[in-house]
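**Student:** Here it is, the structure in full.
Only the coordinates and a few stated rules stand behind these numbers; no lab work does. From a predicted model like this one, the values you see are computed outputs, not experimental measurements. Cβ coordinates were reconstructed from backbone atoms using ideal geometry, including for glycine residues, and neighbour counts include every protein chain displayed.
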Amino acid sequence: MAKLDELITAVAEGKNKLAVTMAEELVQAGVPVRAIIQDGLTAALTLLDLKCTSAEFNLLELILAGRAMVDVMDKVVEPRLPESIASVLTGPAVVLGTIKGDIHDLGKHIVHIVLKAAGYRVFDLGKDVEPALFVQTARAEKADFILVSSLLTVSIPYVRQIRELCQKTGISARIVAGGAALQQARAEDLAVDYVAMDVFDGLHYLNEEAGMEL
Amino acid sequence: MNSLDRLLAAASFSPADRIPAAPQVYGLSAVMAGMTIYQYIHRGKVMADCQWAAQQTLGYDVLFVYGGNAAEAESLGCRLDYPPHYYPHIVKPVLESWQDWTKLNPAPDCRDGIFSVLQQACGILRQKAGDHIPVIGIVTGPVTLAGQILGIEKLLFTLADEPEGFLRLLARTTEASLQFATLLLRAGAHVIMLNDPSASPNLIPNELYAGMILPFQRSILQELRELKPLLLWLQIAGYTRRILTDMAKTGADLMTVDYQVDLAEARALVPATALAGNLKPLSFVIDDREVIRQEIASLRQRMGAAPGENGWIISSGCEIPPDSRVENVEALVEKASWGDENAPL
């Protein structure tokens, strides 16, 4: 459908107002809102994924696309769903946060948006998060994944504590690390299962582990 | 040859007795001296003494004056939170939009706060070092400063939605960065490093650098040149491969290459600009000295064997973290001095 392609392009190019207009027209034309998410937003993610190699990755393009996705979700999709958006997202649960000692959250914010668009249930703990809170939340929400971000190397000892606490409490969630500081390390250095080089690298890992497709 | 002459030789592609070693030791010097970062950035004498002691102990070729990326933002009126063991961060951006410039101090207030400490440290270190060891004053660049006072997310949206507003904000932060750099030079710094991590292609697309950022960084360096610093150093972290040739147009004598960019490829792209780099900062925390040695050996092979003439200064891609292993910095200095790559370690 020509207009669906236009929606995908508008989202991928970060044209949030156009994306909302396109999504609204699609809904008026009878396209189900679930299709807007799955065939529109998720398809835009695929487009971005192909474009964003490590050398071409930049936060500006991602936050613009992220804003477009959020605007479509907030202004077009959510008002039309009889149940809460959470029930549409039946994918695995992810606990997400910036580790204790670090207050940077821009990259984490993008991860949140992308994972939500990809169908994951995201429990975002914010920034400067104690290791124990990651684990408690993972336990409470029966999360499959814990995603921890940091731009500061001094936070690495706290990152390592997550594994230790998971083992003590019998949590088997996969732990994924990301962010400029943590990306320099190997998974074994951080006591995590995977170190994501960027948001799509992390998404691929999650999809592979969860048996989901983008 | 003393350290300052060694650095100048490499910057001008002239022969040196060995490869200059400029590991970016900032807060690590405090840790080595048993001080906290909080103590380090609150007294000029403490900062100077820590820097001096670390340099004298390890024998590298530089002294750095740096108080975290928020020092200038504090002088412009931002309130900072000061954790005990790391650099301070901004509690909340002081601007709601790029048009709110009038909310900031009209001229930087550097009588108190971290920036006054940096000026003191420059003066003390210049007295100690004379013209033997270069004192490098680090100043936050205009893009990073704009991100500090507006919030980085809002800055990026401004760039996309109101590019004219972005440019006007950058014009203001450019004036501010220039003022701060001038203060450090007058306080005794030999060299100014313009450190602008938010200008990185990791945040802003490569294709926007030339039109939106380069003119501002260039104007700072051009103005500073009038004050006759020994060198001007530009540092932008991240995947800068595609903007290196444009970065060279700022007129910087020296540019840092971060670990993500192949150093030999960078040399081919900018053959006339001295390069500093490009060891991975986290390696100094998690790896052992053998890894550092091997990395430097590999870099030496690729950059050519002529110290100074290859226009290369061994450094890290960014700050060596305060929790690094000191023996790894020792390994860097040892390998910089090593004469024969084929000799056993």
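**Student:** Can you tell me the mean projection area, over all orientations, of the convex hull of chain B's alpha carbons? Units nm², please.
**Tutor:** 15.3 nm²
**Student:** Moving on. Calculate for the protein assembly as shown the 222 nm mean residue ellipticity that helices alone would give, adding -39,500 (n - 2.57) per DSSP H run of length 4 or more and normalising by residue count, nearest 500 deg cm²/dmol.
**Tutor:** Using -39500 (n - 2.57) per qualifying helix, the result is -13500 deg cm²/dmol.
**Student:** Beyond 22 Å between alpha-carbons counts as too far, so tell me which of A:15/B:92; A:116/A:142; A:15/A:75; A:51/A:100 fall in that bin.
**Tutor:** Checking Cα-Cα distances, A:15/B:92; A:51/A:100 exceed 22 Å.
**Student:** Find how much the distance from residue A:24 to residue A:133 grows on full extension, using 0.36 nm per residue of separation minus their present alpha carbon separation; answer in nm with one decimal. Mind showing how you got there, number by number?
**Tutor:** Values: separation 109, 0.36 × 109 = 39.24 nm, distance 3.90 nm.
Gain in length upon complete extension: 35.3 nm.
**Student:** Still on this structure, please answer the following. Report the calculated FRET efficiency for residue B:56 and residue B:186 (r = Cβ-Cβ distance, R0 = 30 Å), to the nearest 0.05.
**Tutor:** 0.70
**Student:** Can you give the FRET efficiency to the nearest 0.05 for residue B:225 and residue A:204, using r as the Cβ-Cβ distance and R₀ = 51 Å?
**Tutor:** 0.60
**Student:** Next up: Which of the three applies to region A:158-214, rounded, prolate or oblate, going by the alpha-carbon gyration tensor with a ≥ b ≥ c and a/c under 1.5 meaning rounded?
**Tutor:** Judged from the Cα gyration tensor, region A:158-214 comes out oblate (a/c at least 1.5, b/c at or above a/b).
**Student:** Something else about it: Starting from the Kirkwood radius over alpha-carbon pairs of region B:1-127, derive D by Stokes-Einstein at 10 °C in a medium of 1.306 mPa s and give it in µm² s⁻¹.
**Tutor:** Translational D for this selection: 98 µm²/s.
**Student:** Give me the dipole magnitude in Debye, nearest 20, for the protein assembly as shown about the Cα centre, with unit charges on the beta carbon: positive for Lys and Arg, negative for Asp and Glu.
**Tutor:** With Lys and Arg at +1 and Asp and Glu at -1, about 900 debye.
**Student:** Name the residues whose placed amide hydrogens come within less than 5 Å of the amide hydrogen of residue A:98, ignoring near sequence neighbours (fewer than 5 apart) on the same chain.
**Tutor:** Hits under the 5 Å cutoff: A:126, A:127, A:128, A:129, A:149.
**Student:** Less than 20 Å apart at the alpha-carbon level, and either on another chain or at least 8 residues along: which lysines does that give for residue B:335?
**Tutor:** B:280
**Student:** Quick one: work out the % antiparallel among DSSP beta bridges in the protein assembly as shown, nearest 5. Intermediate values should be presented prior to the final figure.
**Tutor:** Values: 2 of 45 bridges.
Antiparallel: roughly 5 percent of the beta bridges in the protein assembly as shown.
**Student:** Can you pull the percent of Cα pairs in the protein assembly as shown with separation above 32 Å? The partial results should precede the final answer.
**Tutor:** On the way: 72500 of 155961 pairs.
So the portion of pairs separated by more than 32 Å is 46 percent.
**Student:** Right, another one. Can you tell me how region A:77-177 classifies by the Cα gyration tensor, rounded, prolate or oblate, using a/c under 1.5 as the rounded cut?
**Tutor:** It is oblate, given that a/c is not under 1.5 and a/b is not larger than b/c.
**Student:** Dipole size in debye (nearest 20) for region A:60-186 around its Cα centre, Lys and Arg Cβ +1, Asp and Glu Cβ -1?
**Tutor:** The calculation lands at about 380 debye.
**Student:** With only alpha-carbon atoms in the gyration tensor, what are the semi-axes of the equivalent ellipsoid for chain A, in Å, largest first?
**Tutor:** So the equivalent ellipsoid measures 31, 18, 14 Å along its semi-axes.
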